[in-house]
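To keep things clear, I will list the structure first and then write my remarks on it.
The values are calculated or read from the model by the stated rules, or taken from the named source; none is laboratory data. Keep in mind that what you see is a predicted model, and the values were worked out from it rather than measured. Don't worry about glycine lacking a Cβ; one is built from the backbone with ideal geometry, like all the others, and counts go over all protein chains shown.
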Amino acid sequence: MAEVFHSACPLNCWDSCGLKVEVEGGKVTKVEGDEEHPITKGKICGRGRMLEQRVNSPERLRYPLKRVNGSFERISWEDALDEIAAEMKRYKQQYGSLSILHSHDYANAGFLTNLDSRFFNCFGGVTELIGSICWGAGIEAQCQDFGDAYSHAPGELFESRSIIVWGRNVARTNMHLYETLIEAKGRGAKLVVIDPIANATAKIADEYITVKPGFDGLLAAGILKELLRLHLEDKKFLSECSQGFEELRKLLESITLESISNMTEVPQKSITMLAKLYGNRPVSTLIGLGMQRYHNGGSTIRMIDAVVAASGNVGIAGGGANYANRQVGQSFHYEGITLPHRKKAHRTFTMMKQAEMMLQAKDPEIKMAFVTCGNPLTQLPNSSRAEKAFSSLEMLVVADSFLTDTAKLAHYVLPIAAAFETEDIYYSSMYHHYVNHGPKLVNPPGEAKTDAWIWGELAKRLGFENDFSFSREELIKMGVGPLQKRGISLERLRQEKFAELPVDRVPWHDHEFKTESGKFEFYQGEGGAESLLPNETKWREESIATMYPYNLLSIHPMRSNHSQHYHLLPQLPYVKVEISVDIAAKKDIKDGDSVRVWNSRGELEGIASILKQAHPNTINIDEGLSRRFGGTVNVLTPDLESDNGMGSTLYDCLVNLEKIC
């Protein structure tokens, strides 16, 4: 007889939903939303429902694999771990522990996924990754402005006169915020969407403004210019709570509103309208992740922050520059789990350039790599270089539930437990501030093991087993330790399913910032207005723009969490090349035509789909599609770092396109 249990979605997503999971005969049979969850209220997306298919997929890895003469053979756990540990010892002795790279991403939001850091720190330290392909430039930008990246609680939108959704399709990536936007509109808030593509969120907006991809920072500069011209700035905030505004004013004076309108391809009247809107506070700005995936990504977010701050929308109910909410994760005892003090050696590569650095590294060279919670061959920019780098390794170990593009290159593949097969706690630092409990409901298939078990067994072989002599329950309790004084314990989470974490619902309400000065620090604009431009644009590289006249976006897919779910879809996935109407007319392309997209980094073939309303000269190919289905779009994207060094430049990408006859 089927039983229904509470659980939580483990996917790296804005919403972090509460779930109800039906189990019968030791197998997950259905995944639904938990209507008792205070934020997600029983509604979940298709990706969440597909967790049932994911855990039950016949493609799940069930046994450890070893590459022998170019093919995978089943190997026992004992032999696999003995051999991996022996190689780790050898590389550490001969070249030092930094000859081993830990390539980690954010495929799963479970708190105990951080145990991989504990393992490598106790090993003595390895080469690690910093920054983020996904949101790194924006996080660093807000840390420079505010001292950290915090957002208002979801219900704060009901205090807003206006809501600006800037570069964020919440209908696709944040469904519960989408519902909140509809309710806020019903209560009288004005909704404005700024985006190159008229997405589903734009369809419910009172105003939709299309902007040339990568030029959002320059648009923000135009809004700020108009805000000052109309005397709508918050003079008290500027004089008492901030520093650096006069330097920013010089940048604004160096460029005309006409030039800004020309380059952003946004009418001047729209820029003026936005300035007036910001001056009529409170205004909430919901900032997306895509527009910081450019060379100018950091300066873009800092200019949007500057508009929010100068207009007096920081630290007030219904306001905010809402990008991320790192105060959620700061509720937990990370250092107690990861033990960073155990590191004896330390070296970092940025996540974006890990492939290049793997190929170039000296003293020591990278000999071995572990990949956890990620699929870099599909998700890394410039994937041709990524393939070359990971193929060059003497030893590659991948821990995963499926044989991904990356796992197919590995020397050892270790099958790990998936959602519902182990206990953990889940939360997101991107939207709401609730922590959810996920119990163990079923056993992993075959010989698949939890990642905690794998690290513990390797630790035994490497001489630091005492650091992993804790049960999973003890480790989770360690993580929630700081919350005990707030009455939040593992026992309570098990019983009540979720708990509200102690965060400021209105960040920076006291105007005390975490910057070195204690004040909001405005973007200085080193390099003048050019610092607000993307790399691949006619304003910087005219010859490149002539050869490759179209802007390529690679947005998040509707049905897959990055590369995780494509292979589970009922219909065979394919490369869909979405193109703006003007490109279709110029190239005589119709829906369903075969097309080729290319630049100097690579080429990709796919099927055309015409975007009914998108900024001129814009193409989109969803990210995450693996090579077996014709992907990945990252054969086209650059692997450079953002201006602040902490983000990717995936969207800073020009291409050409032709119809295949």
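The criterion of being of a type outside the set (A, V, I, L, M), at pLDDT below 95 and within 21 Å of the chain's Cα centre (by Cα) does not hold for Asp116. Each residue in the stretch 473-496 was checked for being within 22 Å of Asn114 (Cβ to Cβ) and either touching a Lys or Arg at 6+ places or on another chain (Cβ under 7 Å) or assigned to a loop (DSSP other than H, G, I, E, B) (or both), and 4 of them qualify. In this entry, Val328 passes the filter for residues that are buried (at least 19 other Cβ atoms within 10 Å of the Cβ), farther than 19 Å from Arg168 by Cα and under 23 Å from the mean Cα position of the chain (by Cα). Thr173 satisfies every condition listed in (1) among the polar types (S, T, N, Q); (2) at pLDDT 95 or above; (3) within 29 Å of Ala614 (Cα to Cα) except (2).
Scanning the stretch 597-627 for residues that are more than 24 Å from Ala202 (Cβ to Cβ) and touching a residue at least 60 places away in the same chain (Cβ under 8 Å) yields a count of 6. Scanning the stretch 511-532 for residues that are over 21 Å from Ile139 (Cβ atoms) and either surrounded by 21 or more Cβ atoms within 10 Å (Cβ to Cβ) or touching a Leu at 6+ places or on another chain (Cβ under 7 Å) (or both) turns up Gly528, Ala529. The residues on offer are Ala85, Ala149, Ala80, and the sole one that is modelled with pLDDT of 95 or more and in contact with a Cys (Cβ under 8 Å, 6 or more places away or on another chain) is Ala149.
The single condition among (1) free of Cβ contacts under 8 Å to residues at least 60 places away in the same chain; (2) buried (at least 19 other Cβ atoms within 10 Å of the Cβ); (3) within 23 Å of Leu490 (Cα to Cα); (4) not basic (Lys, Arg) that Glu52 does not meet is (3). Considering Leu252, Leu286, the condition of being modelled with pLDDT of 95 or more, touching a strand residue (DSSP E or B) at 6+ places or on another chain (Cβ under 6 Å) and not in a loop (DSSP other than H, G, I, E, B) is satisfied by Leu286 alone. Considering the stretch 437-481, and only residues there that are within 19 Å of Tyr426 (Cα to Cα) and hydroxyl-bearing (Ser, Thr, Tyr), the residue that is surrounded by the fewest Cβ atoms within 10 Å (Cβ to Cβ) turns out to be Ser471. A residue that is within 22 Å of Cys373 (Cα to Cα), touching a Cys at 6+ places or on another chain (Cβ under 6 Å) and part of a helix (DSSP H, G or I) occurs somewhere in the stretch 41-49. Just one residue in the set Phe420, Phe470 is assigned to a loop (DSSP other than H, G, I, E, B), in contact with a helix residue (DSSP H, G or I) (Cβ under 8 Å, 6 or more places away or on another chain), under 20 Å from Leu493 (Cα atoms) and free of Cβ contacts under 8 Å to residues at least 12 places away in the same chain; that residue is Phe470. Residue under question is Phe470, and the condition is that it be out of contact with any strand residue (DSSP E or B) (no Cβ under 6 Å at 6 or more places or on another chain) and more than 29 Å from Tyr566 (Cβ to Cβ); does it hold? Yes: the conditions hold for Phe470. Taking the listed residues Ser71, Ser57, Ser76, the one that is under 30 Å from Gly26 (Cβ atoms) and exposed (fewer than 14 other Cβ atoms within 10 Å of the Cβ) is Ser76, with no other qualifying. Just one of the numbered conditions (1) buried (at least 19 other Cβ atoms within 10 Å of the Cβ); (2) modelled with pLDDT of 95 or more; (3) acidic (Asp, Glu) is not true of Glu623: (2). Among the conditions (1) surrounded by 16 or more Cβ atoms within 10 Å (Cβ to Cβ); (2) within 30 Å of Thr180 (Cα to Cα); (3) among the charged types (D, E, K, R); (4) more than 26 Å from the chain's Cα centre (by Cα), Lys66 misses just one, which is (2). Would you confirm whether or not the stretch 54-65 contains a residue that is farther than 29 Å from Lys343 by Cα and assigned to a strand (DSSP E or B)? Yes, the stretch 54-65 contains a residue that is farther than 29 Å from Lys343 by Cα and assigned to a strand (DSSP E or B).
On inspection, Gly312 does not qualify as closer than 18 Å to Phe522 by Cα and in contact with a strand residue (DSSP E or B) (Cβ under 7 Å, 6 or more places away or on another chain). The single residue among Ile271, Ile260 that is under 18 Å from Lys190 (Cβ atoms), crowded, with 17+ Cβ neighbours inside 10 Å, of a type outside the set (S, T, N, Q) and touching a Gly at 6+ places or on another chain (Cβ under 6 Å) turns out to be Ile271.
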